[in-house]
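Below is one structure, written out as structure tokens; the observations come after it.
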């Protein structure tokens with residue numbers, strides 16, 4: 001009996017590989033594990049698509065050929081998951097010197113703006129032009145948020161709460177003078193707490209900070225450097241093909 005030719009053997013091998021690869025799930029890359037927390041109107045389990053930021057992150061990975069698996073956790077646990085390599089990325093996060101010592105960051109995908117909120121009866125006509133406008137005031141905010149170190153470094157008086165909603169409850173009860181929060185987040189919280197009747201609360205025209213938000217990336221997650229490059233490439237693609245702008249429009253945000 002003649003032995004099969006080398007060419008025939010190679011062809012048979014290729015047919016076996018292709019037939020096995022046709023089965024669902026074969027050779028597919030596992031989903032990238034991501035973590036985030038509730039922060040409406042940008043990220044929330046109750047929002048369509050789990051919020052515009054979630055949609056942007058998922059679309060960027062999809063454009064790079066990767067699926068995603070997203071878990072909602074308290075923010076401190078998000079960072080712990082990254083530190084231990086249990087998740088590739090957490091979003092949305094702001095760069096800071098402390099964070100950059102432990103994590104890497106993607107290209108920016110949204111610009112957020114922090115403003116001060118105040119009771120009009122308590123501080124009629126309040127405006128924020130400089131730090132000196134804040135020195136007489138007791139400032140509320142959320143523990144662990146990016147602005148806490150900046151406010152403390154300026155020597156201002158702070159009364160931090162466990163989360164933004166708790167800070168706004170203090171404001172409405174007259175226990176703090178102003179609350180610092182991202183403008184759309186603050187408006188969303190007030191609309192919920194006051195059932196849409198937000199006329200009693202003012203928001204400064206002047207912002208305390210504008211900040212670019214990113215995917216904060218674990219250095220311990222398998223293949224992290226390559227995944228970060230692919231995410232940035234996918235983000236560039238969805239910006240170029242109109243997907244990014246479409247997500248913002250669907251959620252009522254200006255491109």
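Restricting to strands (runs of 3 or more DSSP E) lying wholly in the stretch 57-119: which have 3 or more residues that are in contact with a helix residue (DSSP H, G or I) (Cβ under 7 Å, 6 or more places away or on another chain)?
Per the criteria, 89-94, 110-119.
Could you please let me know if residue 48 is over 11 Å from the mean Cα position of the chain (by Cα), modelled with pLDDT of 50 or more and within 22 Å of residue 189 (Cβ to Cβ)?
Taking the combined requirement at face value, the residue satisfies it.
Return the total of residues in the stretch 197-231 being buried (at least 17 other Cβ atoms within 10 Å of the Cβ) and closer than 25 Å to residue 78 by Cβ.
So the answer is 14.
Being over 30 Å from residue 224 (Cα atoms) and either in contact (Cβ under 8 Å) with a residue 40 or more places away in the chain or buried (at least 18 other Cβ atoms within 10 Å of the Cβ) (or both) is true for just one of 185, 94. Which residue is that?
Testing whether each residue is over 30 Å from residue 224 (Cα atoms) and either in contact (Cβ under 8 Å) with a residue 40 or more places away in the chain or buried (at least 18 other Cβ atoms within 10 Å of the Cβ) (or both) leaves just 185.
Looking at this structure, is residue 194 free of Cβ contacts under 8 Å to residues at least 24 places away in the same chain, out of contact with any helix residue (DSSP H, G or I) (no Cβ under 6 Å at 6 or more places or on another chain) and either assigned by TED's automatic domain parsing to the domain that holds residue 63 or surrounded by 14 or more Cβ atoms within 10 Å (Cβ to Cβ) (or both)?
Yes; evaluated as a whole, the condition is true for this residue.
Based on this model, can you work out whether residue 240 counts as surrounded by fewer than 16 Cβ atoms within 10 Å (Cβ to Cβ), under 29 Å from residue 147 (Cβ atoms) and at pLDDT 95 or above?
no
The values are calculated or read from the model by the stated rules, or taken from the named source; none is laboratory data. As the structure is a prediction and not an experimental result, all values here were calculated from the model. Counting neighbours? That spans all protein chains shown, and the Cβs are built from the backbone with ideal geometry, glycine included.
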